[in-house]
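All remarks here apply to the structure that follows.
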Amino acid sequence: MDIVILAVVIAVVVLGALGGLIIGSRRKKQLPPPPPAAPDITAPPAEPHVGDEAETPRDEPRRTIEEVDLPDGSTGVAVEEPPVVEEPPPIEIEVPEPTAGRLIRLRARLSRSQTALGKGLLTLLSREHLDEDTWEEIEDTLLTADVGVQPTQELVEGLRERVKVLGTRTPDELRGLLREELLKLVGTDMDRVVKTEPETSKPGIVMVVGVNGTGKTTTTGKLARVLVADGRSVVLGAADTFRAAAADQLQTWGERVGAYTVRGPEAGDPASVAFDAVKEGKEMGSDVVLIDTAGRLHTKTGLMDELGKVKRVVEKHAPLDEVLLVLDATTGQNGLVQARVFAEVVDITGIVLTKLDGTAKGGIVIAVQRELGVPVKLVGLGEGADDLAPFEPEAFVDALIGD
């Protein structure tokens, strides 16, 4: 019986072992083959970053902070100074020559070019017999000097009457006689003061007009010097926006005497610049605002209308105190044609005669005053900055007839 039990146990053990072997072999057949092992690949060297050394660092001896020699402060550290930018030197403010007696001081310059009229008349009047031919020569001399037809007739009639009464004539008597008659024509009772002091409030507003080439912008700058010399503060309005560099030219004149210049873009609206100049003059509390307008050809209707617009826009601030017409004294009778047209567009209150020391003939002073009915207030006698002078009839006539 024991043998039977032992045999059964052995059989069970054998059967279990055989079953395990069968199951293990089946599992081995179902599993996929393992993946092949990855080959060993040598990685490329890493690229250096910004600031890294291009080559492989080498072992170098290193020092501790205790071994490093630090500066003790006795040796100065050189600090590089920033470059110094040189500023342009400030514009030196000039002191204009006093206006009182300017024309008298410039009398010699005026007389050199004007004595032909005075000396010619004195020579003719000194003749022993003054017949009709002589009086005709006197008329021709006056007409050639741009005195004008009507003033010439008046002067000749006056001289004839005075010579007839005087009888004998010494050179001094003739000079005195001619001086008196010329002063009557030039006029000693006309108000020749440039109006720059308004009755109500500052500033006085002066507009300068004229044809291109008469020296209008230069005259405006010189007039600023005349006013500054008299202790007035001035603002300049560069309303001549059509002529290249006109604003720069006027600003240069202003900077030389400390006058502020208001300007606009080139080819801009001149009326706008004039308006801003008056506004700026009020805000600054200036005494006078001088407005330089664009030179106009008196034959161009549209341009003359633009000048009228400037005048109307300025008068929105305050009425104009002066409108000065600049005339080239060398143009003679042609200048009178220009004067007539300007007088129709704007109310001319005064005349500035430039280039009176050149080939100009002194009679233009008489003719233009008679034509417009307004006085010559300023005369230009040269290219110098202070060669613009208030017109003084006595000094002018004395220069005409000479000593």
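The values are calculated or read from the model by the stated rules, or taken from the named source; none is laboratory data. Predicted model only: the values in this text are computed from it and were never measured. Neighbour counts are summed over all protein chains in view; Cβ atoms, including those assigned to glycine, are modelled from backbone coordinates with ideal geometry. Accessible surface areas use protein heavy atoms only, side chains included; no ligands, DNA or RNA. Shrake-Rupley method; radii C 1.70, N 1.55, O 1.52, S 1.80 Å.
Can you pull the Kirkwood radius for the range 111-191, inverse mean 1/r over Cα pairs, to one decimal in Å? Working shown, then result.
On the way: mean 1/r = 0.0767 Å⁻¹.
Taking every pair of different Cα atoms in the range 111-191, averaging 1/r and inverting gives 13.0 Å.
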Once phi for every residue in the range 127-143 is put through the Karplus expression 6.51 cos²θ - 1.76 cosθ + 1.60 (θ = phi - 60°), the whole-Hz ³J(HN,Hα) values, with Gly and Pro written as x, are 5, 5, 10, 9, 8, 5, 4, 5, 5, 5, 5, 5, 4, 4, 4, 5, 5
List the residues whose amide H sits under 5 Å from the amide H of A239, counting only those 5 or more places along or on another chain, with H placed 1.01 Å from N in the peptide plane. D292
Starting from the Cα-Cα distance between E137 and I5, subtract it from 0.36 nm times their residue separation and give me the gain in nm to one decimal. 29.1 nm
Please calculate the 1.4 Å probe accessible area of F242, with all protein chains present, and give it to the nearest 10 Å². 110 Å²
Give me the accessible area per residue for the range 126-277, probe 1.4 Å, as a whole number in Å². 48 Å²
Carbon and sulfur %, accessible surface of the range 174-227 computed with the full protein complex present, 1.4 Å: 48 percent
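Rank L6, L125 by accessible area, highest first, at a 1.4 Å probe radius?
On the way: L6 105, L125 0 Å².
The most accessible residue leads, giving L6, L125.
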Give me a comma-separated list of calculated 3J(HN,Hα) values for the range 278-290, in order, Karplus coefficients 6.51, -1.76, 1.60 applied at θ = phi - 60°, integers in Hz, x for any Gly or Pro. 5, 4, 5, x, 5, 5, 7, x, 6, 7, 9, 10, 9
Add +1 for every Lys or Arg and -1 for every Asp or Glu among the other residues with Cβ under 10 Å from the Cβ of G215, and state the total. +1
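Give me the Kirkwood hydrodynamic radius of the range 244-284, using the inverse of the mean 1/r over all pairs of distinct Cα atoms, in Å to one decimal.
Details: mean 1/r = 0.0925 Å⁻¹.
This gives a value of 10.8 Å.
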What is the sum of charges around M190, taking Lys and Arg as +1, Asp and Glu as -1, for the other residues whose C-beta is under 15 Å from the C-beta of M190? -1
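Could you tell me how many cubic angstrom of Cα convex hull volume the range 141-258 has per residue? Kindly include the intermediate steps, with their values, before the conclusion.
Working: hull volume 21.5 nm³, N = 118.
Spelled out: Cα convex hull of the range 141-258, divided by residues, is 182 Å³.
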Across the range 192-204, in residue order, what do the Karplus-derived ³J(HN,Hα) couplings come to in whole Hz, using 6.51 cos²θ - 1.76 cosθ + 1.60 with θ = phi - 60° and x for Gly and Pro? 10, 7, 6, 6, 10, 10, x, 6, 8, 9, 6, x, x
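In the structure shown, do any of K202/K355; K184/K222; K202/K311 have a Cα-Cα gap over 23 Å, and if so which?
On the way: K202/K355 32 Å; K184/K222 29 Å; K202/K311 18 Å.
In this structure, K202/K355; K184/K222 exceed 23 Å between Cα atoms.
Based on the Kirkwood radius over alpha-carbon pairs, what is the Stokes-Einstein translational diffusion coefficient of the range 310-386 at 37 °C with 0.692 mPa s viscosity, in µm²/s?
Numbers: Rh = 13.1 Å.
Taking Rh from Cα pairs, D becomes 250 µm²/s.
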Could you give P(r) for the range 222-334, binned at 10 Å from zero, as whole percent values over all Cα-Cα pairs? 14, 45, 33, 8, 0
Amide H partners (placed H, <5 Å) of Y260, local residues excluded: V234, L236
